[in-house]
Every structure is written in structure tokens, then in C-alpha cells.
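Chemist: Take a look at this one; I'll ask things after.
The values are calculated or read from the model by the stated rules, or taken from the named source; none is laboratory data. Computed from a predicted model, the values in this text were never measured in an experiment. Quick reminder, even Gly has a Cβ in these numbers, built from the backbone with ideal geometry, and neighbours come from all protein chains shown.
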Amino acid sequence: MSAAWITILAPLLGALLIGLSPAKAARWIALSVSGVALAAILQLVMNFPGWKSGLFESEANPVPFLPEFGITLWLGYDSVAIMLALLNAVLVPLCVLGSFSAIREREREYYAWFMVLSASIMLAFASRDAILFYIGYEFTLVPMVFLIAIWGGPERKSAATKYFLYTFFGSIFVLGAILWLGVSMHAATGVWNFDIDALIAYGQSLPASTQWWLFLCLAGGFAVKVPIFQLHTWLPLAHDQAPTGGSVILAGTLLKLGTYGIFRIALPCAPEGAVALAPFFAVLCVIAVVYASLICWVQRDVKRLIAYSSIGHLALCVLGLFAFNPIGAEGSVYYMVNHGISTGALFLCIGMVYERYHTKDMERLGGLVKRMPIWAFFMGLFTFASLGLPGLNGFVGEVLCLMGTFIADSGSTPDNYPGVLGPWYATVAASGLVLAAMYLLIMLGKIVWGPLTEPHDDHHAPSGLSVDLNWREIGVLAPLAVLCLWLGLAPGYVLSNLEPACTRMLAPFPAIVQAHIAADVQTAHDSEKEQN
Amino acid sequence: MLDMSSRLALLAPEMFLFGAAVVLSILGLSRSRSRRALVGPLAILSLVIAGVLSIVTFDLQKAESAGLLLPSLAMWLRPMVAFIAAGLMAISGDFVDQSLEASIAKSAAAFSPLRAVRGEFCAFALFSVTGVMLLATATDLIWLFLALELVSLPTYVMVAIARGDRPGLEAAVKYFFLGAMATGFLLYGFALLYGATGTMQLDDLRDIALAQLATGESSLLLVTGIVLSIVGLCFKITAVPMHFYAPDVYEGAPLPVTAFLSFIPKVAGFTALILLLSCIGLGTTGLPRSVVAVLWMMSLLTMTLGNIGALLQHSMKRTMAYSSIAHSGYMLVALVAGSHDAIDALLFYLFAYGVTTTATFGGLACIQRAGLDADRFEDLAGLRRTHPWATAMIALGALSFTGIPPLLGFFGKFWILVSAFEAGQVVLVGAVVLNSVVSAWYYLRFAATPIITEPAGRSSDVGQNTSRWPVAASIVFGCALVVLPVFVGPLMKSVQESTAAPVVVVETPLRQR
């Protein structure tokens, strides 16, 4: 059995085992199976041929699953998918470890759902077959809904319902688009095949008007998951109400399913549509960057603030993808990973404070550095990583996304990747980053420094936790801190490995953008003539 | 011409079921309590045997020589119906007379043949299933009509006698009169069909009808006949414009009977539709445009009204009624698509729908409140503490209804959408997609209420159904929702084989009129 299967089946088996074993053992089973999945994916990463080729590399041949429709069980990664799968494999055991003290009721169910969630995310990232991808992508809904609805905050029910309906609404459009692609490919070639690469090849051969609709359905569907501005309203509530572990996975990898879907399926399947719709999506992204920052500025709840900041960060990520040049695309993928690490870590930090003080209200917390210096160190580090301090991981992705957007205009870029965006988009988005620095620093100033403020009622006593972080909690945060530093100081190693996959994805774009710009110039010219 | 012996040989499972029904109705009147207790299990057993028989005794050559439109249809349909009906029987069999038997056990009441109806109930259920199985081998309009009536008439009685209370009787009367009206439509349609083509034999009817449609020779009578028959059959499949009885009847009937109603008449209606529409080109040359237009409107309205209606309900049974209306709308999409592949998709969807229905209703039938059905969503609150299995199965069923992959319901929807895309029905696909989102909301209530909420005042007096059969049925069918997707390839293959065209087409000259 290949290692890719282990990353999916180990958590599933773990979930079954947890169901059969006593409640006390649940956390240890969850920890060990997610460790097995991490080991399996690390072993894959070590000898991964896709770093250089940029192709989907799989260890095994496809196993027919539904031969009538050419659906196969075919797992494999390219360098982008394996990065995100690795991110998930790293985050899951840390979340499990971080949940030890936070989850005190219905433990078995919690860890079982968590393992199912991990398995279905792994399936989505590992699938080479579009339907298989959809199965993983869609099934994440079920465990996540229960994680939010059972172990969430006071508004958990409406948060879970909203999350379910929004993302179901988005993903069913993705399903429709994938099915349509498969069916029309069958009509054109007589072969049923849902291999993503085959769908991409077919999608690119379609006329521009068809691609326009196709891209709208695919990217619009994924946009709910990302979430892009206007479709984002489920996110603050869901992130805020979810238990810490759930928030981490939600921000860390579930949102990345949306950006990954845009990168892997929407952009390459319908490049003409992508180019035509790029300004539309880019404007939404730019608005989101500024808008989310402004909302963050007035938040009182720390967790909600981080949730809104995710909207801005992910919007920047999508903006980088729509630059259609390798700098933007690599920056975007890099940012996906970094956002997963730093935002995930921030949620963990806030969770640790919440366990001690039972509040996330910035007005009721302050000067915690005096009580919890270790925690304050981590909180500061991850906040700086999140706001894009040079030397930490967030900076690299942000700058690359902005740079990619900046140079993505009709003039030729260094690598001859013309784009349809340009300096204006980058400038406005960059202003959002200034705002991000502001609200994050305000948040940091309030709860970490400043006069010591603690809620008086019931702190310390019921949680049974030490005043500052204990060794387990340090063990949860330290690996993420190391990753933040490493990815921030030596980005070249990962970026060079992402390059082949990104340039491969972008291959059809320069010609299409060129033609698009030429057509625009032509129409402008024509209308000028008419006016004269 | 027709060969009576080969025709009869095809009907072995139906004859067995008929015999079993007669035996059960007598056994139900036995004075010995232990013998009467055998009625429910025996009904399940005989359905399983009938299912096995219908696989073992099926002979394709005989079926072809019997002049069937779709000779192998019975190969898939009859076992499917029999096995799912066995599940439905497990839910309803022991339900009837439960309180009567309990009071007899406590010797609080004496046995009276007038009051004990379990035997009759099970016999009628078996008759109804026999009717569906007979449909699969229908060769002419009369047979089709009689089989359909054999499906319907027992269900009217089942609604009335299952609990024998006022709501049940009211539902039964409503069901009966509206059903009779629908039958009128159907008969009138059949009469017009006979008038248009001069034959009752389905295969002859198909040849003449296709010839008429091909030449464009005045086929008004034919199309009117077909449309009237469709309207009549809408009653069976709870489609617009004959859907309005469903919520009232489903609510009035006891929950185990509701489960039966939401599957068995629906299979009958869709089988009859497949056979009738096959006569005018379904799966071969394509349906006439006027009929497609009718089906298109029906499908769109049915799924939309069904889902919107379901959103507004507080009663679980009414919600399920509207949900079953919505699912008919999805299935009608396959008929609009009209390709050969679409028939397969429809048959597969029926199967997925049946399994999901059995799992969900089985879970719901596990619980009772004050001796009646638990029918409010609040009754489900905190169910996981007291009824963990029922909770899990209700959740699985609801998610499968929603079409969450990788559960069985997803593959049903998948196939329907694929066949609709193949036929270029993009608007209908959009409608199905949007409707699925609407349906997600109320299915989420089913799935989540028992798991996430804490027991409320209303749900604290929810108790266990005394019979263990519903739990068993829901666990078997609920696990099937998870396990069957692994075998979805072979399953789809067997569906496709069941609608394959006859291997040897025997050229029979049209009989002289």
C-alpha cells in the first residue's frame, strides 16, 4: 500500500478504534494515528520526484472504482498538493495535543470526528481524480459541522448551520462544473475520464464563452470556501464558535481547499474564463483585504479578529493567483502554507488563554506578559509572522503576492508573463497590509502589554492549568514557531521546489492574456474610431 | 404469440408472495400468541425468499419470448423491491397491534379476531409488493393497470388499519378518494391510448406509436393519452400536480406505514412510467417534444415545491412527505433526459432512495413518544444518549438524502445529473443543484438535532419502540449506505444490464386490426 493511502486510512482506522476503545485512550489513539499519517507523508516528501518535475506523481496505478464513468481511485501529489497535505499532517497532531485540556466532554466523539476530518482533507489533497477530490472536499463538511456544533461556543448551532449551508451551496456548483466537464468530454471524445489532468486538457480546448461560465461556476464554488468577499459571512462566526482545534484546521487547511481548488482545477481548466474574470475577482480580493482589515480594527473579540484577518490574508492569496505569473502563484502557494501555520498558531495561543480565563474579550484581558511570559513570546512571534514582519514566514508570501500583482500588467514582465491586473491593485492591497499591521499591533498592545487586566471571576481554578504555558502547550507551539522562522529565513528552498508546478499550471496563460489584451486594445481602438 | 407456460414460469416469486400473504392472513388470526408473533418475522422472511427466488428463477430467454418491452428489467427491479420491502416490513410488521398484543400478554384483554389486524396488514403489504413485482413483467395495458391497482388498493387499507385511530382513518379516506380520482385519469389515458393505436399489447403499442410519431400522422390522441396517464401516475409518485395529498396522508398514517408509502407506490409509479414512455421512444428515439415539455414542468415544480414545502414543516413526517415529493422531482429529471442511460440512472436512484428511506425511517421508528410516533423535531433532541444507533442511522440517512459523498445517495444524484447533462438539460441540473442546497437545511435538522442538542423536556419521555426489528432494519440499511458505495461499480453495471435491449429482436408482424 502506498504512503498516500496510509495518510488517509490511518486516521479513518483511528476513528474506528477510538469508537471501540475507552474514552481515556481516545486522545492517545488520535495522537498516534495522526503521527503515523505525518510519518507517511514525511517519507513521501523525502523522496518526492514532483519537486523537480512539477507533475502529479503517484506511486501506484489507478484502481478502477466506477469504470462506467471512468472514475478511479488514484492518489498522487504535485509539489503544491504535497505541501498542503504536509501542512495538514503537521497541524492535526498539534491540534490533538492542544485539545487535551480543552475538550473535557464527549472526548471519544471529538477525536473520532477530528480523525475523519483529517482523512477527508488528506483525500482531497491527494486525489488525482476530480470526483475523488470532490468526495474528500465535500465530506469535510460533515465532521466540521459536528465539531462546531457540539464543542463550539454559545452560538455554535447557527455557526454550524451557516457553515454547512454556505459551503454546501458553493461546492455543489463545483460538482456541477466537474460533471459538465466530464460529460462533455465524453460527448466529444467518447471516453469517460475524470482524471484532473485530462479534464484540464479538455477544458482548455473549449471556446472562450464556455470557459467563462465554467470558470464562474468552479471559482465561484471554491470562492465560498476561501472565502472571497461577499461570500465570506459564514467564516467569522464559524471560526469564532469552533473549538480551538476546529478553528486551527478550519483556518489552516480547510480554507486552503478553496484556494487549492482554484489553483488546481479552476484556473487550469478554464484559463480563458480566468483571464476574462480576473479583474472581477481581483477587485473583490482587493476590497476584501481593506474591508477585512477595517473590520478587524473594531473587533473586541480576539478570536473573531483573527478570523476576519484570515479573510484579508486569503484574499491576498487569491489575488496572487490571478496575477498569472510565477511570482504571484508561488507567493500565493507559499502564503497558503504560511497562513496555515501562523493563523493556526494564533488560534492555538488564543485557545490557551481562553482555557485559563474563559474569555476572548480584549477589554477584559491585558498585560498578560506579566502573568504568562512564555505565552506572550509565542503570541508576539505569531502575530508578527501574521502581519508580515520581514524575517518571518508571512512576509515572503505577502510580498511575492503583491509583487506578482504589481507587475501583472500588459507590459511584459521579466519572465514574459503579461497580466491583467497591475500596480493599482497591488497598491490598494498593500494599504490593507498597513492596516493589518495596525490592528494586530493594537491587539498585541492590549492583551500582551499594557496594564495587567484579568477577569476576576473564575480564572485559573477550574482549568487546572499552570499560570503560564505547560510543557505540553510549549510542545504544541514550538514546532510551529520553528517553522515560522525557517520558512521566513530560508524561503528559497521551498520556493524553488514550488516553481516547476506553478510554471506548469501557468503555461497556457501568457498567450491567452496576450490575446485578451490585444482584443481589448482592438475594441478600444474601434470605439474610438466610431466616435470620430 | 404469447407462451403461457413461460410467462407463468417468470412469475414464480409473485406466486410465492401471494401464497405467503394468504398464509400470513390466516396465521394472524391464530389463538396462540406465539404463533401470531411469527407473522412479522415470517413476512420479512417471505419477502427475502421472494427476492432470492426472483434472482434464481429469472430466465432471460423466457422473458424475451414473453414479449416484454424491457425483458431484463425484472432482473434488477424485483430483487431490489423485495429486499427493500423486507426492510420496510421489519419497520412496520411488529408495529401493528403492538398495544393490543401487549394487553393480551398482560391478560388485560382477550384475543378477538375482529380486533387483531397484524395478519391482514402484513398480507396487504405483501400484496402491494407483489403488485410492484408484477409491473416489471407487464406486457399489456390491462396487466399494467391491474398491477398498479394491486399496489395501491392494499396501501389504502394499510393506512386505515395500522393503528385504526381517527387521523389514520381520515388519511386513508383522503388517500382512497384521491387515489380513485388518479386512477380515473390513468384509465382514461389508457382508453385513449387504445383508441389511438388499437392495441393493448405494449410491444405492438410501441411499434404503432413510434410509427405514428415518426410520420407525424395525427398523434394528438396518442399524446393526450400519454399525458393523461402521466397525470394519473403522478399520484403514485407524488409529483405535481397530484402531490398535495402526500403531506396529509403521510402525517395521518403511522410512521412505519409512511415509510412503506414513500417507497413502494413510488417504485410502482416510476416503473409504469418507464414502461409507458418506452412505448413512445424513451431510451430509444427520444420522447416527443410535447411530452418532454410536460415532464420538464412537472419535474421543476415537483422538486421546488417539495423542498420549499419541507422547509416550512414542524412535523417530521410532513417533512419527509415533502422530501419524498422533492426526490420524485429529481427522478423526473431522468425521464426528461430520456436517454437509455437516464433510465438506468432513475432505477439506480430508486434503489438509493429506497435504502436511504429504510435507514432513516427505521431510525425514526425506533423511538416512540407516549406510545405514538415521535413526530416533532424536538422529540429528537438529545437522542444520542438514549438511542445511539437510531441517532447514527438517522444522521446517515439524512446525509445520504442530501447527497453528501461518499454515501449511496450521492451516487444516485451523480448519475441523474450526468444523464441530464448528456441530454443538454442544463437548466434542470441547475434546479436540482439549487434544490439540493435548500434540502440541505432540513436534512441537517434530521442529522444534527439528535446529536448536538441536549435532551429537552419534550424529548425526555421519548421511549424505545418495544420491537427490535426497526433497529435491526435501520442498522442493516444504514450500513448499506456506507458499504454499498464501495460496490457502486458492479451495482451500476447490473442496472445497465437490466435495461439492455433484447438480444434477439423477434420480428413479429403487426397483428391485423
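Chemist: Do we have any residue at all in the stretch B:272-282 that's closer than 23 Å to B:Leu169 by Cα and either modelled with pLDDT under 95 or part of a helix (DSSP H, G or I) (or both)? Step through it out loud before you land on a result.
Modeler: First pass over the stretch B:272-282, keeping only residues closer than 23 Å to B:Leu169 by Cα: none.
No, the stretch B:272-282 has no match at all.
Chemist: Looking only at the stretch A:335-370, count how many residues are in contact with an Asp or Glu (Cβ under 7 Å, 6 or more places away or on another chain) and of a type in the set (D, E, K, R).
Modeler: Total meeting the criteria: 2.
Chemist: If A:Ala430 satisfies every condition in (1) in contact (Cβ under 8 Å) with a residue 40 or more places away in the chain; (2) over 16 Å from A:Leu480 (Cα atoms) but one, which is the exception?
Modeler: Against the list (1) in contact (Cβ under 8 Å) with a residue 40 or more places away in the chain; (2) over 16 Å from A:Leu480 (Cα atoms), A:Ala430 comes up short only on (1).
Chemist: Quick one: is B:Ala447 touching a residue at least 60 places away in the same chain (Cβ under 8 Å) and out of contact with any Asp or Glu (no Cβ under 8 Å at 6 or more places or on another chain)? Break it down stepwise before answering.
Modeler: Numbers: touching a residue at least 60 places away in the same chain (Cβ under 8 Å): no; out of contact with any Asp or Glu (no Cβ under 8 Å at 6 or more places or on another chain): yes.
No: the conditions fail for B:Ala447.
Chemist: Being buried (at least 19 other Cβ atoms within 10 Å of the Cβ) and out of contact with any helix residue (DSSP H, G or I) (no Cβ under 6 Å at 6 or more places or on another chain) is true for just one of B:Arg7, B:Arg36. Which residue is that?
Modeler: On the way: B:Arg7 fails: buried (at least 19 other Cβ atoms within 10 Å of the Cβ).
Of B:Arg7, B:Arg36, the one residue that is buried (at least 19 other Cβ atoms within 10 Å of the Cβ) and out of contact with any helix residue (DSSP H, G or I) (no Cβ under 6 Å at 6 or more places or on another chain) is B:Arg36.
Chemist: While we're here: Scan the stretch A:112-158 residue by residue and report those that are farther than 18 Å from B:Leu407 by Cβ and within 11 Å of chain B (Cβ to nearest Cβ).
Modeler: Hits for the stretch A:112-158 are A:Leu147, A:Ile148, A:Ala149, A:Ile150, A:Trp151, A:Gly152, A:Arg156, A:Lys157.
Chemist: May I pose another question? Please work out which one of (1) within 14 Å of another protein chain (Cβ to nearest Cβ); (2) of a type in the set (Gly, Ala, Ser); (3) surrounded by 21 or more Cβ atoms within 10 Å (Cβ to Cβ) is the condition B:Ala365 fails and give its number.
Modeler: Here B:Ala365 meets the rest and fails (1).
Chemist: Hey, could you check the stretch B:448-460 for residues that are of a type in the set (Gly, Ala, Ser), more than 8 Å from chain A (Cβ to nearest Cβ) and in a helix (DSSP H, G or I) and say which is surrounded by the most Cβ atoms within 10 Å (Cβ to Cβ)? First the steps, then the outcome.
Modeler: Initially, the stretch B:448-460 is screened for residues of a type in the set (Gly, Ala, Ser), giving B:448, B:456-457, B:459-460.
Still in the running and more than 8 Å from chain A (Cβ to nearest Cβ): B:456-457, B:459-460.
Next cut, in a helix (DSSP H, G or I) only: B:459-460.
Numbers: B:Ser459: 24, B:Ser460: 13.
Going through the qualifying residues, I end up with B:Ser459.
Chemist: Here are some conditions: (1) under 25 Å from B:Trp469 (Cα atoms); (2) modelled with pLDDT under 95. B:Leu135 meets all but one. Which one does it not meet?
Modeler: Evaluating B:Leu135 over (1) under 25 Å from B:Trp469 (Cα atoms); (2) modelled with pLDDT under 95 leaves (1) as the failure.
Chemist: If we scan the stretch B:427-445, do we find a residue that is among the aliphatic types (A, V, I, L, M), touching a Ser or Thr at 6+ places or on another chain (Cβ under 7 Å), crowded, with 24+ Cβ neighbours inside 10 Å and more than 14 Å from chain A (Cβ to nearest Cβ)?
Modeler: No, because not a single residue in the stretch B:427-445 is among the aliphatic types (A, V, I, L, M), touching a Ser or Thr at 6+ places or on another chain (Cβ under 7 Å), crowded, with 24+ Cβ neighbours inside 10 Å and more than 14 Å from chain A (Cβ to nearest Cβ).
Chemist: Can you go through A:Phe100, A:Phe56, A:Phe48, A:Phe69 and tell me which one is closer than 24 Å to B:Gly489 by Cα and either within 14 Å of chain B (Cβ to nearest Cβ) or not polar (S, T, N, Q) (or both)?
Modeler: Details: A:Phe100 fails: closer than 24 Å to B:Gly489 by Cα; A:Phe56 fails: closer than 24 Å to B:Gly489 by Cα; A:Phe48 fails: closer than 24 Å to B:Gly489 by Cα.
The match here is A:Phe69.
Chemist: Could I ask something else about it? Identify the residue in the stretch B:165-218 that is of a type outside the set (A, V, I, L, M) and part of a loop (DSSP other than H, G, I, E, B) and, among all such residues, is modelled with the lowest pLDDT.
Modeler: By that ranking, first place goes to B:Ser218.
Chemist: Next question. Kindly list the number of the only condition in (1) surrounded by 24 or more Cβ atoms within 10 Å (Cβ to Cβ); (2) farther than 19 Å from B:Val483 by Cβ; (3) within 11 Å of chain A (Cβ to nearest Cβ); (4) in contact with a Ser or Thr (Cβ under 7 Å, 6 or more places away or on another chain) that fails for B:Ala420.
Modeler: It fails just one condition, (4).
Chemist: Residues in the stretch A:170-177: is at least one under 30 Å from A:Lys303 (Cβ atoms), facing chain B (nearest Cβ under 9 Å), touching a Cys at 6+ places or on another chain (Cβ under 8 Å) and of a type in the set (A, V, I, L, M, F, W, C)? Step through it out loud before you land on a result.
Modeler: Of all residues in the stretch A:170-177, those under 30 Å from A:Lys303 (Cβ atoms) come to A:170-174.
Then keep just the ones that are facing chain B (nearest Cβ under 9 Å); that gives A:172-173.
Narrowing further to those that are touching a Cys at 6+ places or on another chain (Cβ under 8 Å): A:173.
Filter again for of a type in the set (A, V, I, L, M, F, W, C), leaving A:173.
Among the residues of the stretch A:170-177, at least one is under 30 Å from A:Lys303 (Cβ atoms), facing chain B (nearest Cβ under 9 Å), touching a Cys at 6+ places or on another chain (Cβ under 8 Å) and of a type in the set (A, V, I, L, M, F, W, C), which makes the answer yes.
Chemist: For the stretch B:473-487, does any single residue satisfy the condition of being within 25 Å of B:Leu408 (Cα to Cα), touching a residue at least 24 places away in the same chain (Cβ under 8 Å) and within 12 Å of chain A (Cβ to nearest Cβ)?
Modeler: Filtering the stretch B:473-487 for residues within 25 Å of B:Leu408 (Cα to Cα) gives B:473-487.
Now narrow it down to the ones that are touching a residue at least 24 places away in the same chain (Cβ under 8 Å): B:473-478, B:480-482, B:484-485.
Narrowing further to those that are within 12 Å of chain A (Cβ to nearest Cβ): B:482, B:485.
Checking the stretch B:473-487: at least one residue is within 25 Å of B:Leu408 (Cα to Cα), touching a residue at least 24 places away in the same chain (Cβ under 8 Å) and within 12 Å of chain A (Cβ to nearest Cβ).
Chemist: Do we have A:Tyr493 as under 27 Å from A:Glu355 (Cα atoms), assigned to a helix (DSSP H, G or I) and among the hydroxyl-bearing types (Ser, Thr, Tyr) here?
Modeler: Details: under 27 Å from A:Glu355 (Cα atoms): no; assigned to a helix (DSSP H, G or I): yes; among the hydroxyl-bearing types (Ser, Thr, Tyr): yes.
In short, no.
Chemist: Could you check the stretch B:368-399 and list, in sequence order, the residues that are modelled with pLDDT of 90 or more and within 11 Å of chain A (Cβ to nearest Cβ)?
Modeler: Passing the criteria: B:Ala392, B:Ala395, B:Leu396, B:Ala398, B:Leu399.
Chemist: Based on what the data block shows, is B:Ala500 more than 10 Å from chain A (Cβ to nearest Cβ), within 30 Å of B:Gln61 (Cβ to Cβ), surrounded by fewer than 21 Cβ atoms within 10 Å (Cβ to Cβ) and not charged (D, E, K, R)?
Modeler: Details: more than 10 Å from chain A (Cβ to nearest Cβ): yes; within 30 Å of B:Gln61 (Cβ to Cβ): yes; surrounded by fewer than 21 Cβ atoms within 10 Å (Cβ to Cβ): yes; not charged (D, E, K, R): yes.
When the stated conditions are applied, B:Ala500 passes them.
Chemist: What are the residues in the stretch A:178-203 that are at the interface with chain B (Cβ under 10 Å from one of its Cβ atoms) and over 21 Å from A:Phe125 (Cα atoms), if any?
Modeler: Result: A:Trp180, A:Val183, A:Ser184, A:His186, A:Ala187, A:Trp192.
Chemist: Does A:Thr161 satisfy the condition of being facing chain B (nearest Cβ under 9 Å) and either closer than 30 Å to A:Ile103 by Cβ or part of a helix (DSSP H, G or I) (or both)? Write out each step before concluding.
Modeler: On the way: facing chain B (nearest Cβ under 9 Å): yes; either closer than 30 Å to A:Ile103 by Cβ or part of a helix (DSSP H, G or I) (or both): yes.
Considered against the rule, which asks whether it is facing chain B (nearest Cβ under 9 Å) and either closer than 30 Å to A:Ile103 by Cβ or part of a helix (DSSP H, G or I) (or both), A:Thr161 comes out as yes.
Chemist: Would you say A:Ser53 is in contact with a Lys or Arg (Cβ under 8 Å, 6 or more places away or on another chain) and of a type in the set (Gly, Ala, Ser)? Spell out how you get there, then give the answer.
Modeler: Numbers: in contact with a Lys or Arg (Cβ under 8 Å, 6 or more places away or on another chain): no; of a type in the set (Gly, Ala, Ser): yes.
The answer is no for A:Ser53.
Chemist: Any residue at all in the stretch A:94-108 that is crowded, with 24+ Cβ neighbours inside 10 Å, in contact with a Pro (Cβ under 7 Å, 6 or more places away or on another chain) and part of a helix (DSSP H, G or I)?
Modeler: yes
Chemist: Does B:Ser262 meet the test of being farther than 16 Å from B:Leu295 by Cα, part of a helix (DSSP H, G or I) and in contact (Cβ under 8 Å) with a residue 40 or more places away in the chain? I'd like the intermediate steps shown before the answer.
Modeler: Values: farther than 16 Å from B:Leu295 by Cα: yes; part of a helix (DSSP H, G or I): yes; in contact (Cβ under 8 Å) with a residue 40 or more places away in the chain: yes.
Criteria met by B:Ser262.
Residue-wise test of (1) under 17 Å from the mean Cα position of the chain (by Cα); (2) part of a helix (DSSP H, G or I).
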{"residue": "A:Gly136", "(1), (2)": "yes, yes"}
{"residue": "A:Val142", "(1), (2)": "no, yes"}
{"residue": "A:Ile148", "(1), (2)": "no, yes"}
{"residue": "A:Pro154", "(1), (2)": "no, no"}
{"residue": "A:Thr167", "(1), (2)": "yes, yes"}
{"residue": "A:Ile172", "(1), (2)": "no, yes"}
{"residue": "A:Gly182", "(1), (2)": "no, yes"}
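Chemist: A:Ala323: in a loop (DSSP other than H, G, I, E, B) and within 21 Å of A:Ala219 (Cα to Cα), yes or no?
Modeler: Working: in a loop (DSSP other than H, G, I, E, B): yes; within 21 Å of A:Ala219 (Cα to Cα): yes.
Considered against the rule, which asks whether it is in a loop (DSSP other than H, G, I, E, B) and within 21 Å of A:Ala219 (Cα to Cα), A:Ala323 comes out as yes.
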